[in-house]
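One structure below.
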Amino acid sequence: MRILWNEATSGAPELDPLWDALRGYFRKVARADTEVTLRHVSVSGNYVRSLYTELLNNRAVVENAIAAEREGFDAVVLGCWADPLWEAREAVDIPVVGIGEAAMLLATTLGSRFAVITVAPGVVPTIEIDLRLYGLEDRAITRPVRSLDPPSDLELLVESVTDPHRRLIPNFERVARKCIEDGAEVIVVGCGYYGPILSLHGYNEIPGTGVPVVDCSAAGLKLAEALVDLSKAIGLHKSTALYFRRPPREVLERVRRVHGLT
(Lines give C-alpha, C1' and ligand atoms only; values in the text may rest on other atoms or scores of the structure.)
Protein backbone atom coordinates (compact mmCIF):
# COMPACT_ATOMS: atom_id res chain seq x y z
CA MET A 1 0.00 0.00 0.00
CA ARG A 2 1.33 3.44 -0.96
CA ILE A 3 0.09 6.51 0.87
CA LEU A 4 1.08 10.10 0.11
CA TRP A 5 1.44 12.30 3.17
CA ASN A 6 0.53 15.64 1.61
CA GLU A 7 2.15 18.56 3.44
CA ALA A 8 0.78 22.11 3.18
CA THR A 9 4.23 23.66 3.57
CA SER A 10 7.27 23.95 1.31
CA GLY A 11 9.52 22.02 3.72
CA ALA A 12 11.66 24.70 5.35
CA PRO A 13 15.19 23.34 5.99
CA GLU A 14 15.20 24.73 9.54
CA LEU A 15 12.55 22.10 10.25
CA ASP A 16 14.64 19.18 9.01
CA PRO A 17 14.60 17.57 12.50
CA LEU A 18 10.80 17.55 12.29
CA TRP A 19 10.71 16.03 8.80
CA ASP A 20 13.13 13.31 9.92
CA ALA A 21 11.00 12.64 13.00
CA LEU A 22 7.86 12.36 10.87
CA ARG A 23 9.44 9.77 8.61
CA GLY A 24 10.34 7.67 11.64
CA TYR A 25 6.86 8.22 13.02
CA PHE A 26 5.24 6.89 9.85
CA ARG A 27 7.21 3.66 10.22
CA LYS A 28 6.02 3.39 13.82
CA VAL A 29 2.32 4.03 13.14
CA ALA A 30 1.75 2.50 9.71
CA ARG A 31 1.64 -1.20 8.97
CA ALA A 32 4.83 -2.88 7.86
CA ASP A 33 3.49 -3.24 4.32
CA THR A 34 2.49 0.44 4.04
CA GLU A 35 4.86 2.86 2.35
CA VAL A 36 4.26 6.48 3.40
CA THR A 37 5.83 9.22 1.28
CA LEU A 38 6.15 12.70 2.78
CA ARG A 39 5.74 15.35 0.10
CA HIS A 40 5.69 19.11 0.46
CA VAL A 41 3.89 21.44 -1.91
CA SER A 42 5.86 23.31 -4.56
CA VAL A 43 4.49 26.70 -3.50
CA SER A 44 3.36 27.67 0.00
CA GLY A 45 3.25 30.76 2.14
CA ASN A 46 4.03 28.43 5.08
CA TYR A 47 1.32 30.14 7.08
CA VAL A 48 -2.08 28.59 7.86
CA ARG A 49 -3.20 30.92 10.65
CA SER A 50 -5.43 32.86 8.27
CA LEU A 51 -8.37 31.81 6.12
CA TYR A 52 -7.00 33.78 3.18
CA THR A 53 -3.47 32.38 3.28
CA GLU A 54 -5.01 28.94 3.69
CA LEU A 55 -7.00 29.52 0.50
CA LEU A 56 -3.82 30.39 -1.39
CA ASN A 57 -2.02 27.28 -0.09
CA ASN A 58 -4.89 24.94 -0.85
CA ARG A 59 -4.51 24.93 -4.62
CA ALA A 60 -1.05 23.39 -4.36
CA VAL A 61 -2.33 20.81 -1.86
CA VAL A 62 -5.02 19.63 -4.28
CA GLU A 63 -2.48 19.55 -7.12
CA ASN A 64 -0.35 17.19 -5.02
CA ALA A 65 -3.37 14.91 -4.61
CA ILE A 66 -4.01 14.88 -8.37
CA ALA A 67 -0.36 14.03 -9.02
CA ALA A 68 -0.45 11.27 -6.39
CA GLU A 69 -3.36 9.53 -8.07
CA ARG A 70 -1.58 9.64 -11.42
CA GLU A 71 1.58 8.22 -9.82
CA GLY A 72 -0.29 5.19 -8.51
CA PHE A 73 -0.64 6.05 -4.82
CA ASP A 74 -3.48 4.21 -3.09
CA ALA A 75 -4.54 7.11 -0.84
CA VAL A 76 -3.68 10.64 0.20
CA VAL A 77 -3.54 12.04 3.72
CA LEU A 78 -3.73 15.82 4.03
CA GLY A 79 -1.22 16.40 6.82
CA CYS A 80 -2.47 19.77 8.07
CA TRP A 81 -5.75 20.72 9.75
CA ALA A 82 -6.01 23.66 7.37
CA ASP A 83 -6.93 21.46 4.43
CA PRO A 84 -9.03 21.53 1.23
CA LEU A 85 -10.52 18.15 2.09
CA TRP A 86 -13.74 18.22 0.09
CA GLU A 87 -12.04 19.85 -2.90
CA ALA A 88 -9.35 17.15 -2.96
CA ARG A 89 -11.95 14.40 -2.59
CA GLU A 90 -13.82 15.79 -5.57
CA ALA A 91 -10.68 15.99 -7.72
CA VAL A 92 -9.49 12.36 -7.37
CA ASP A 93 -10.99 8.90 -7.06
CA ILE A 94 -8.54 7.43 -4.54
CA PRO A 95 -9.33 7.91 -0.82
CA VAL A 96 -8.41 11.32 0.59
CA VAL A 97 -8.26 11.70 4.37
CA GLY A 98 -8.06 14.89 6.39
CA ILE A 99 -6.36 14.50 9.73
CA GLY A 100 -8.82 16.89 11.37
CA GLU A 101 -11.93 15.04 10.26
CA ALA A 102 -10.36 11.66 11.08
CA ALA A 103 -9.33 12.77 14.57
CA MET A 104 -12.68 14.26 15.48
CA LEU A 105 -14.56 11.22 14.21
CA LEU A 106 -12.25 9.00 16.24
CA ALA A 107 -12.79 11.18 19.30
CA THR A 108 -16.54 10.53 19.14
CA THR A 109 -15.85 6.82 19.65
CA LEU A 110 -13.70 7.42 22.75
CA GLY A 111 -15.93 9.73 24.77
CA SER A 112 -19.15 11.68 24.74
CA ARG A 113 -17.66 15.15 24.21
CA PHE A 114 -14.30 16.31 22.95
CA ALA A 115 -12.24 19.47 22.62
CA VAL A 116 -9.49 20.44 20.18
CA ILE A 117 -6.31 22.21 21.23
CA THR A 118 -4.52 23.90 18.37
CA VAL A 119 -1.33 25.92 17.98
CA ALA A 120 -2.53 29.54 17.88
CA PRO A 121 -5.69 31.68 17.89
CA GLY A 122 -5.47 32.18 14.11
CA VAL A 123 -6.20 28.48 13.51
CA VAL A 124 -9.30 28.42 15.73
CA PRO A 125 -11.71 29.74 13.04
CA THR A 126 -10.57 27.08 10.56
CA ILE A 127 -11.27 24.26 13.00
CA GLU A 128 -14.57 25.76 14.15
CA ILE A 129 -15.69 25.87 10.51
CA ASP A 130 -14.67 22.21 10.15
CA LEU A 131 -16.76 21.27 13.19
CA ARG A 132 -19.84 22.78 11.59
CA LEU A 133 -19.05 21.37 8.14
CA TYR A 134 -18.60 17.84 9.48
CA GLY A 135 -21.70 18.06 11.70
CA LEU A 136 -19.80 17.41 14.93
CA GLU A 137 -20.58 20.51 16.99
CA ASP A 138 -22.99 18.60 19.24
CA ARG A 139 -20.26 16.12 20.18
CA ALA A 140 -17.89 18.86 21.36
CA ILE A 141 -17.85 21.06 24.43
CA THR A 142 -18.77 24.74 24.53
CA ARG A 143 -15.91 26.73 23.02
CA PRO A 144 -14.62 23.47 21.58
CA VAL A 145 -11.47 24.81 19.92
CA ARG A 146 -8.80 26.42 22.07
CA SER A 147 -5.17 27.29 21.46
CA LEU A 148 -1.88 26.98 23.24
CA ASP A 149 -1.15 29.97 25.46
CA PRO A 150 1.38 31.30 24.65
CA PRO A 151 0.92 30.20 21.03
CA SER A 152 3.36 27.98 19.20
CA ASP A 153 6.27 29.42 17.26
CA LEU A 154 9.19 27.97 15.30
CA GLU A 155 11.42 27.79 18.35
CA LEU A 156 8.86 25.80 20.36
CA LEU A 157 8.22 23.44 17.47
CA VAL A 158 11.89 22.59 16.92
CA GLU A 159 12.55 22.29 20.65
CA SER A 160 9.58 19.97 21.14
CA VAL A 161 10.84 17.43 18.61
CA THR A 162 13.40 16.35 21.21
CA ASP A 163 12.03 17.84 24.45
CA PRO A 164 8.26 18.38 24.60
CA HIS A 165 8.30 18.21 28.40
CA ARG A 166 10.12 21.52 28.78
CA ARG A 167 7.41 23.83 27.47
CA LEU A 168 4.94 22.11 25.11
CA ILE A 169 3.38 19.60 27.48
CA PRO A 170 2.92 22.02 30.42
CA ASN A 171 1.33 24.52 28.03
CA PHE A 172 -0.87 21.84 26.46
CA GLU A 173 -1.98 20.50 29.83
CA ARG A 174 -2.95 23.93 31.17
CA VAL A 175 -5.37 24.35 28.29
CA ALA A 176 -6.52 20.71 28.37
CA ARG A 177 -7.46 20.81 32.05
CA LYS A 178 -9.68 23.82 31.44
CA CYS A 179 -11.36 21.90 28.61
CA ILE A 180 -11.87 18.94 30.94
CA GLU A 181 -13.44 21.24 33.54
CA ASP A 182 -15.88 22.27 30.80
CA GLY A 183 -16.85 18.69 30.07
CA ALA A 184 -14.29 17.31 27.61
CA GLU A 185 -13.78 13.56 27.87
CA VAL A 186 -11.34 13.46 24.94
CA ILE A 187 -8.68 15.96 23.90
CA VAL A 188 -7.69 16.15 20.24
CA VAL A 189 -4.33 17.59 19.24
CA GLY A 190 -5.16 20.19 16.60
CA CYS A 191 -1.84 20.09 14.74
CA GLY A 192 -0.31 17.58 12.36
CA TYR A 193 3.13 18.18 13.87
CA TYR A 194 2.46 18.25 17.60
CA GLY A 195 0.29 15.13 17.45
CA PRO A 196 3.20 12.98 16.22
CA ILE A 197 5.64 14.70 18.57
CA LEU A 198 3.51 13.82 21.58
CA SER A 199 3.01 10.25 20.36
CA LEU A 200 6.71 9.72 19.75
CA HIS A 201 7.32 10.71 23.38
CA GLY A 202 4.61 8.40 24.71
CA TYR A 203 2.17 11.13 25.70
CA ASN A 204 -1.42 9.91 25.14
CA GLU A 205 -3.42 10.91 28.25
CA ILE A 206 -3.86 13.96 30.45
CA PRO A 207 -2.28 12.69 33.71
CA GLY A 208 -4.65 11.79 36.51
CA THR A 209 -7.82 12.38 34.50
CA GLY A 210 -8.44 9.28 32.37
CA VAL A 211 -8.89 11.63 29.39
CA PRO A 212 -7.19 10.31 26.24
CA VAL A 213 -5.23 12.53 23.87
CA VAL A 214 -5.92 11.85 20.19
CA ASP A 215 -2.99 12.21 17.81
CA CYS A 216 -4.70 13.55 14.69
CA SER A 217 -1.95 12.37 12.35
CA ALA A 218 -2.17 8.78 13.58
CA ALA A 219 -5.95 8.91 13.16
CA GLY A 220 -5.57 10.11 9.59
CA LEU A 221 -2.96 7.56 8.62
CA LYS A 222 -4.86 4.59 10.05
CA LEU A 223 -8.13 5.73 8.45
CA ALA A 224 -6.38 5.94 5.09
CA GLU A 225 -5.14 2.36 5.49
CA ALA A 226 -8.64 1.21 6.41
CA LEU A 227 -10.22 2.92 3.40
CA VAL A 228 -7.72 1.34 1.02
CA ASP A 229 -8.32 -2.07 2.60
CA LEU A 230 -12.09 -1.69 2.29
CA SER A 231 -11.79 -0.59 -1.32
CA LYS A 232 -9.70 -3.63 -2.21
CA ALA A 233 -11.73 -6.10 -0.14
CA ILE A 234 -15.32 -5.11 -0.89
CA GLY A 235 -15.13 -2.27 -3.43
CA LEU A 236 -16.17 0.49 -1.03
CA HIS A 237 -15.47 3.94 -2.48
CA LYS A 238 -16.45 7.58 -2.13
CA SER A 239 -19.91 8.70 -3.17
CA THR A 240 -20.15 10.16 -6.65
CA ALA A 241 -23.80 11.11 -6.32
CA LEU A 242 -23.21 14.81 -5.74
CA TYR A 243 -20.63 16.45 -3.48
CA PHE A 244 -17.54 14.40 -4.34
CA ARG A 245 -18.36 13.65 -7.99
CA ARG A 246 -15.38 14.59 -10.11
CA PRO A 247 -16.00 17.05 -12.97
CA PRO A 248 -15.50 15.63 -16.46
CA ARG A 249 -11.80 15.03 -16.96
CA GLU A 250 -11.58 17.32 -20.00
CA VAL A 251 -13.25 20.15 -18.05
CA LEU A 252 -10.89 19.72 -15.10
CA GLU A 253 -7.86 19.76 -17.39
CA ARG A 254 -9.11 22.83 -19.25
CA VAL A 255 -9.57 24.79 -16.03
CA ARG A 256 -6.16 23.67 -14.74
CA ARG A 257 -4.59 24.88 -18.02
CA VAL A 258 -6.26 28.27 -17.67
CA HIS A 259 -4.62 28.60 -14.25
CA GLY A 260 -1.22 27.52 -15.56
CA LEU A 261 -1.23 24.19 -13.72
CA THR A 262 -0.52 21.97 -16.72
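The values are calculated or read from the model by the stated rules, or taken from the named source; none is laboratory data. Fair warning: this is a prediction, and the values are worked out from it, not measured in the lab. We place every Cβ from the backbone using ideal geometry, glycine too, and count neighbours over all the protein chains shown. Just the protein is used for accessible areas: all its heavy atoms, side chains included, with ligands, DNA and RNA removed. Shrake-Rupley method; radii C 1.70, N 1.55, O 1.52, S 1.80 Å.
In the condition set (1) closer than 28 Å to residue 10 by Cα; (2) open to solvent by less than 20 Å² (accessible area, probe 1.4 Å), residue 107 is compliant with all but (1).
Condition check ((1) more than 19 Å from residue 199 (Cα to Cα); (2) modelled with pLDDT of 95 or more; (3) in contact with a Lys or Arg (Cβ under 9 Å, 6 or more places away or on another chain)) across all residues:
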site: 57; (1), (2), (3): yes, no, no
site: 68; (1), (2), (3): yes, yes, yes
site: 71; (1), (2), (3): yes, yes, yes
site: 81; (1), (2), (3): no, no, no
site: 103; (1), (2), (3): no, yes, no
site: 117; (1), (2), (3): no, yes, yes
site: 141; (1), (2), (3): yes, yes, yes
site: 157; (1), (2), (3): no, yes, no
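Of all the criteria given as (1) open to solvent by 10 Å² or more (accessible area, probe 1.4 Å); (2) closer than 20 Å to residue 25 by Cβ, the one not satisfied by residue 76 is (1).
Across region 9-28, which residue is nearest to residue 64 (Cα to Cα) among those that are part of a helix (DSSP H, G or I) and open to solvent by 30 Å² or more (accessible area, probe 1.4 Å)? Across region 9-28, the extreme among qualifying residues is 23. Residue 252 meets the conditions (1) open to solvent by less than 70 Å² (accessible area, probe 1.4 Å); (2) within 21 Å of the chain's Cα centre (by Cα) in every case but one. The failed one is (2). Against the condition more than 18 Å from residue 194 (Cβ to Cβ), open to solvent by less than 30 Å² (accessible area, probe 1.4 Å) and either at pLDDT 90 or above or under 18 Å from the mean Cα position of the chain (by Cα) (or both), how does residue 34 come out, does it pass? Yes.
Taking each residue of region 241-257 that is over 17 Å from residue 86 (Cβ atoms) and looking for partners that are open to solvent by 60 Å² or more (accessible area, probe 1.4 Å) and not charged (D, E, K, R) with beta-carbon atoms closer than 7 Å, six or more apart or interchain, yields 253/262; 256/262.
Counting only residues that are farther than 18 Å from residue 56 by Cβ, open to solvent by 10 Å² or more (accessible area, probe 1.4 Å) and among the hydrophobic types (A, V, I, L, M, F, W, C), region 79-101 holds 1 of them. Filter region 134-165 down to the residues that are under 16 Å from residue 117 (Cα atoms) and among the β-branched types (Val, Ile, Thr) and list them by number. Across region 134-165, the qualifying residues are 141, 142, 145. Of all the listed residues (99, 94), the sole one being over 23 Å from residue 190 (Cα atoms) and β-branched (Val, Ile, Thr) is 94. Pairing each residue of region 148-167 that is in contact (Cβ under 8 Å) with a residue 40 or more places away in the chain with any residue that is among the polar types (S, T, N, Q) and not in a loop (DSSP other than H, G, I, E, B), provided the two are 6+ apart or on different chains, yields C-beta distances under 9 Å for 152/118; 152/160; 152/171.
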